[in-house]
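Notes to accompany the following structure.
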Amino acid sequence: MMKKSIKRALGTVSLASMMLLGGVSAAYAGTVYYKGTPVSWDHGRFLGVVSYSDVMSGHFDHRATANTTNSGWQRPGVRAYASQKISPWTTARAYWDCRG
């Protein structure tokens, strides 16, 4: 009986550790293109429970969306950032958009 409880506790701690460590570094930074012009976009998860999207363009109005949270349109040169708390089991969805 005691052995089963210890195994269960160790399994729970191991699973929780893997979930937290797996979500700490899930980030994707890069350059996307709108009308042939580069746009900086960084997106991913922070600490496994925050979805984020970070967009910057020097030429176009732009916005960032993280799951259902939108930054609103920003002028060229102004950072567009959106983040939303999510559960560890929810997919982090990030989007960027430009106009002009």
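The values are calculated or read from the model by the stated rules, or taken from the named source; none is laboratory data. Since we're looking at a predicted model, the values are computed, not measured. With ideal geometry, Cβ positions are generated from the backbone for all residues, glycine too; neighbour counts draw on all protein chains shown. Heavy atoms of the whole protein, side chains included, go into the accessibility calculation; ligands, DNA and RNA do not. Shrake-Rupley method; radii C 1.70, N 1.55, O 1.52, S 1.80 Å.
A crude spin-label estimate for the pair residue 34 and residue 75, with each label 7 Å from Cα along the Cβ direction, gives 1.6 nm.
Residue by residue, segment 62-72 carries 3J(HN,Hα) couplings of 8, 8, 10, 9, 10, 6, 10, 9, 10, 7, x Hz when phi is fed to the Karplus relation 6.51 cos²θ - 1.76 cosθ + 1.60 (θ = phi - 60°); x denotes Gly or Pro. Computed on protein heavy atoms with a 1.4 Å probe, the accessible areas place 52, 34, 81, 28 in the order 28, 81, 34, 52, largest first. A protection proxy built from the mean count of other Cβ atoms within 10 Å ranks the segments 39-48, 70-79, 88-97, most packed first, as 39-48, 88-97, 70-79.
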